[in-house]
Each structure stands twice: as structure tokens, then as C-alpha cells.
Amino acid sequence: MRPVHIALAVLVTALWGVNFVVIEVGLDHFPPLLFCALRFLVAALPAVFLVGPPRVAWRWILGVGLALGVAKFGLLFIGMHEGMPAGLSSLVLQIQAVFTALFAAVVLGERPGRRRLLGMAVALAGIAVAAVDEGTSGPLIGFVLVVAAAAFWGVSNVLTRKAAPPDALNFMVWVSLVPVLPLLGLSLMFEGARPDLDALSRLDWAGVGAIVYVAWVTTVFGFGVWGFLLRTYDASTVAPFSLLVPVFGMSSAALVLGEGISAPRWLAAALLVGGVALTSLPRMRLRREARRRPEVPGAGAKRSAGSAARSGRSSAAVSWLVAQFPAPLRGAPKPHRTSSRPLRPDVPGVDSRPEPDGPESGSPEPGGPESGSPEPSGSEPGSAGAPAWSGRVGQQT
């Protein structure tokens, strides 16, 4: 990643971590369900008029809006209102990676491997340690509600994967519009109209700032930048930065709210972050083996022969494919020369014999890719469909 994009990823995770402290501030001014409804109302308006129409089916917008907006954030806000500390909330929510893997196995048929199962077990051990620590030092109901919020976050992740939105910002803005009325109705039903009206009548700058931060900073800006990074880089490159969220959440809660971090909580943090890393991070060993695969003796020749046997393209098409490769793989550009002599029709690739009067136009240098074997390099570096030697050589993923 470019340094500026690394800085953006760290900035977004820091904003998301500090968001838990801001939620604590907002809960001092509003009932939790009303605060959650105001958050999504401000996030959706007026942005919904600026991002254009939704680009996925409405069933996905409604499903994610109810699972993420009503269930996940509603339970999170209620859990924190019931006494769940902000720093611990930022940590426990990371168990969503385990719920996502479990739900994806059931709904999408994605079978978790041994490494992912080990990560789930480690993360669940961290949750158990955090539950024991919280049960002896605070109300356990808040802890249970935050774990339930993480479970609904996993549901929304699976629905989002099924929806496959092409524009993350557009999708999040339209999703934010869905929870407003259900949350307002739940707030009137369970919190009462009088507490809601009293909170709105006593609105001050701290309350307005909390709403603006959780709506525009963390939702619109945060998800907009995160979606841009996911469109620019492979998901396995961007996703690990989310592990910084509990780091910023726990540290900001300790600095601003004075929350202490006990030894069991440190142990729970280590187990949770380590388990989530095992569950969600890519298998680097297999990627390195994939990079070394072209170096197997004879593999390139076999691939080239098989590709030439299957290919029915003309010589001009093969020359066009060679021209699409990035300049670093083809060497320095050669002077263009127009020649009326066609390539040899009996060779299914680029003619390797030089012309008497100069180098051949469009032929690769000896150190370049083997003719007939590469594919067009339209895939981004690090993508699963890209050949191991097209744009991924020497690059960290």
C-alpha cells in the first residue's frame, strides 16, 4: 500500500476506536435507542440525495439495515447504557469475525479450515476470560448484549457479502435510512415519549457533537474511505487494519474516561485479537508458495506448450497480449518499426528469429514472460485471479 493509504487506514481505525468513547458521551444525553435512531437519521440525510440511487436490490438494503442498524447498534448502545465499558465493548465486538465465519459456513457453504477453527477457539477463550472479568467487576447483562450485537454484525456481514455492493458509501448511506423509523418506534415503545422529548429539549453542543461524530465521521467518512481502500487493494491487505480498532478503543477509553485495564482484560485482549487474526487474515505461506510455483523446472514450458496447443488465436492477437503486459515485465521499450512482413504462420507465438535489418517489433525480450502462457494483466496486484508473476512479484500482500 502507498504510505498515504496506510495513513488513511490507520486514521479510519482510530476514528472507529474513539467512536466508543463518543458513544458514552452521547448516552449521557439521550436514551440509547433514540441516540441510535438520530445517528442513522443524520447519516442518511442529506447524503441519500447526493450518492444516487441504490445499486443493489432493496431486499439486501432492508436486510442489512435491520441486522446492522436496528439489531447490532441497538443492542450495542443498550449494552453500553447498561454499564458495559467503552474499551471492553470495542474489544468484545471483534468476536464478530467468529460469528461471520460460522454464519458463512451455514449460509454460504464456506467450510472453515483448521487454522480458522483454531482462531475461533482462541477468540472464544478470550471472550470467556472477558466474561469472567466483567462478571466479577460489572453487570453481566451489558456484556451479553454486546456479544449479541457482535452476532448480528456477523449476520449483516454475510448479507453484505451476498449483496456484493459495488459502492460501499452508496450502500451504507441507503442502509442508514432503514433503521430510523424502527428505532424511533422501539424508543417510543420501551423508553417512552417523555424521556425522548426531554432529551431533545435539553440538546446542547456536546450532544450535537456526539451525533455528528457517530453519523458523519465514523459512518459516512469512515465507511467511504474504507470502501475506497477495498476497491483499490485486495481485501486481505486492508482487513488486518481493523484489528487496530480495539487498540484505539481501549487506549482512548483509558485516557478520556479513566477506564482501568486489568490483567485478565489484557489476557482477553491478547486472546481475542490473536484469534481474530487467525480467523480473518490470509494464509501467507500458501501465497508465498504460489509465487514460487513458476520457478519449478519445466513448469513454464509445459504451461506454454499446453496454452499454445489450446490457443487458436492469430499471431496478431498474441502480439496484442504481449503488448498488454506492464513495462517492468517486458523490459525497456524498443523503437517501433513498421514492417510489412507478417510473423511466421507456423509458430503459434511471436517469431523468435530476428529480422536481418533490426529487432522484431512486439516480441518480448529473453527475460520476459513465456509466449502463450500469460494472461492479460487486468487484475490488480494481489488479487486471487492474477498469475503469480503478473504484478505480484516482490510485493507484500
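Side notes on the structure shown:
- The one condition in (1) under 25 Å from Leu255 (Cα atoms); (2) open to solvent by 40 Å² or more (accessible area, probe 1.4 Å); (3) assigned to a helix (DSSP H, G or I) that Leu62 fails to fulfil: (1)
- On the stretch given as region 252-267, residues that are surrounded by 17 or more Cβ atoms within 10 Å (Cβ to Cβ) and at pLDDT 85 or above total 3.
- Yes/no for Ala14 being in a helix (DSSP H, G or I), touching a helix residue (DSSP H, G or I) at 6+ places or on another chain (Cβ under 8 Å) and surrounded by 23 or more Cβ atoms within 10 Å (Cβ to Cβ): no
- So Met80, is it touching an Asp or Glu at 6+ places or on another chain (Cβ under 9 Å) and under 22 Å from Phe223 (Cβ atoms): yes
- The residues of region 94-143 that are open to solvent by less than 60 Å² (accessible area, probe 1.4 Å) and either over 26 Å from the mean Cα position of the chain (by Cα) or among the hydroxyl-bearing types (Ser, Thr, Tyr) (or both), listed by number, are Thr100, Ala128, Val129, Ala131, Asp133, Glu134, Gly135, Gly138, Pro139, Gly142.
- Test: residue in region 73-93 that is within 19 Å of the chain's Cα centre (by Cα) and either open to solvent by 50 Å² or more (accessible area, probe 1.4 Å) or among the hydroxyl-bearing types (Ser, Thr, Tyr) (or both): yes
- Selection from region 190-200 of residues that are assigned to a helix (DSSP H, G or I) and either open to solvent by 100 Å² or more (accessible area, probe 1.4 Å) or of a type in the set (Asp, Glu) (or both): Phe190, Arg194, Asp196, Leu197, Asp198
- Within region 275-284, considering residues that are part of a helix (DSSP H, G or I) and open to solvent by 30 Å² or more (accessible area, probe 1.4 Å), the one modelled with the lowest pLDDT: Met284
- Among the criteria (1) open to solvent by 20 Å² or more (accessible area, probe 1.4 Å); (2) over 15 Å from Ala67 (Cβ atoms); (3) in a helix (DSSP H, G or I), the one Leu203 does not fulfil is (3).
- Checked against the criteria, Ala270 counts as surrounded by fewer than 21 Cβ atoms within 10 Å (Cβ to Cβ) and part of a helix (DSSP H, G or I).
- Qualifying residue in region 32-48 (condition: without any contact (Cβ under 8 Å) to a residue 24 or more places away in the chain and either open to solvent by less than 40 Å² (accessible area, probe 1.4 Å) or of a type in the set (Phe, Trp, Tyr) (or both)): no
- Region 206-245, residues that are part of a helix (DSSP H, G or I), open to solvent by less than 50 Å² (accessible area, probe 1.4 Å) and among the aromatic types (Phe, Trp, Tyr): Tyr213, Trp226, Phe241
The values are calculated or read from the model by the stated rules, or taken from the named source; none is laboratory data. The shown structure was predicted, so the numbers you read here are calculated from the model rather than taken from an experiment. All Cβ positions, glycine included, derive from the backbone under ideal geometry; neighbour counts span all protein chains shown. SASA here: full protein model, heavy atoms, side chains in, ligands and nucleic acids out. Shrake-Rupley method; radii C 1.70, N 1.55, O 1.52, S 1.80 Å.
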